[in-house]
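Engineer: Pasting a structure here, questions to come.
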């Protein structure tokens, strides 16, 4: 049902907007956990920014690396993962029909296992027994409960993901020869990537870190653990980005009153992400010894191939914008831009994320280039880049999604005042991130390191310049962090209002109609056995020999370091 009290209107559609009530409940509990983790995570980020800038001094009972770990884990892992699965359960119910009782129970089992793992890991962070940062790099050692929680977190998502994929393949079985709905295709590609990538972090947590933390082994192969982490860590970025792309491809065209430019192009982009986003982890390890230049070169080349599906997405989405604007009367070279609904937060927030992804993507190319990486490696530049890609592109897209997803699963309506609140949230987040991330990038070029608390390095002139710059200053980083915190608190208020206090009503799940080229979609794009097979071949090619060498010719193992983080 369309919202008559909004300042903008969508075209009337005959398509059902139904999400089964039991599926909506499963989606909603994921969203609730996501936003409570989000609130705690942004407050941790505020304390971190103020402490690193030398503006406040943390109390003795609260460690800098403790809140840094909480900030990264809660925002980058917990918030994103829960919100993605909430999105997937609602979207699959909308496009593929209600889940069967068996698959819904599997979804609930996945949620429970994931939540138990989250609470276990979080409890160790609160107890300052796991201040090992978001990457939990060895030889820093956390409590075994932290590693057990991480393992349960991953396993729980696999269980929930299995329910979603089973629902998708059941639809295919019941509709032989038909192109599957784009939502299910994209969700399945994302979950296959997540499962395959998760094997790496599961291997290092269960095979290395957990026995090490339990005292079963005295030392750990640091190089192998980091390699297995980045086997998982880089595709993790695409596990965040691909659902954001799903919003761009499947929701934004409907919100602006148009139709996706090409469904086949969208499917091809997601297949390319599945193929080329996993065997590229070495570009995070370009400065590490123990990996030969040849294998770093191979994975760097594969990294640049991942640019292709992002460029396909940019072309497809902006072609959709222009196509829609012209259909609505836009003339000339650029006048169609005026026809887009700039006052609708469901469009504006994701659009700002799209714009930010342009410099964010350019920064990614710098990070993946061997010579340029040597300049920015382990500096604040990398942190600034991360906050542009995930902290802005993905988060703003998820913000825009929340303004229709929450009303859909709670049976409420997005009001005009709440839409205005979302617009303010978007502007605050964008301005705050411009200040914080921009300063981080420049500070990184001036040599400011990442992963460090406040220090002047005994008042060294170079270090003092990091606090005295006009824009490139830790003070600017902190100011940006304060603005981001204000935006985050406002977004949490938006969530509370939309979930429990907005007017009752029926909200449409804004799913774009099938693109014109849907009947002509090549059947090859639906051949999952082929694409998974090619992905496995690429992974084996990129990782088998290097990992074999790391095991057979292992460097001396490292004992645990856990007294430096107290």
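Engineer: Alpha carbons only, please: Rg and Dmax for region 116-232, in angstrom.
Structural biologist: 17.6, 56
Engineer: At 7 Å along the Cα-to-beta-carbon direction for both residue 62 and residue 337, put a label point, then send me their distance in nm to one decimal.
Structural biologist: 4.3
Engineer: Return a whole-number percent for the relative contact order of the chain, with Cα pairs under 8 Å and 6 or more residues apart as the contact set.
Structural biologist: The normalised contact order for the chain reaches 21 percent.
Engineer: While we're looking at this one, here's another question. Roughly how tilted is helix 474-496, in degrees to the nearest 10 and between 0 and 90, from the longest Cα axis of the chain?
Structural biologist: Between helix and principal axis, roughly 40 degrees.
Engineer: Can you sort 464, 436 by how many other beta carbons sit within 10 Å, fewest first?
Structural biologist: 464, 436
Engineer: Further, regarding this structure: Taking only the Cα atoms of region 429-566, how large is their convex hull per residue, in Å³?
Structural biologist: Details: hull volume 42.9 nm³, N = 138.
It is 311 Å³ per residue.
Engineer: If you don't mind, there's one more thing I want to ask. What percentages, rounded to whole numbers, describe P(r) for the chain computed over all alpha carbon pairs with 20 Å bin width beginning at zero?
Structural biologist: 21, 57, 21, 1
Engineer: If you fit an axis through the alpha-carbon atoms of helix 293-305 and take the longest principal axis of the Cα set of the chain, what angle between them do you get, 0 to 90°, nearest 10?
Structural biologist: 20
Engineer: Relative to the longest principal axis of the chain, what angle (0 to 90°, nearest 10) does the C-alpha long axis of helix 21-52 take?
Structural biologist: In the chain, helix 21-52 runs at an angle near 40 degrees to the longest axis.
Engineer: Turning to a different aspect of this structure: Considering Cα pairs under 8 angstrom that are at least six residues apart, work out the relative contact order of region 376-522 and quote it in whole percent.
Structural biologist: For region 376-522, the relative contact order is 40 percent.
Engineer: Right, here's the next one. Mind giving me the FRET efficiency for residue 169 and residue 305? R0 is 35 Å, r the Cβ-Cβ distance, nearest 0.05 is fine.
Structural biologist: Using R0 = 35 Å, I get an efficiency of 0.80.
Just so you know, all these numbers are worked out from the coordinates, no wet-lab data involved. In this text, all values refer to a predicted model and were calculated from it rather than measured experimentally. Please note: Cβ atoms are built from the backbone with ideal geometry, for glycine as well, and neighbour counts cover all protein chains shown.
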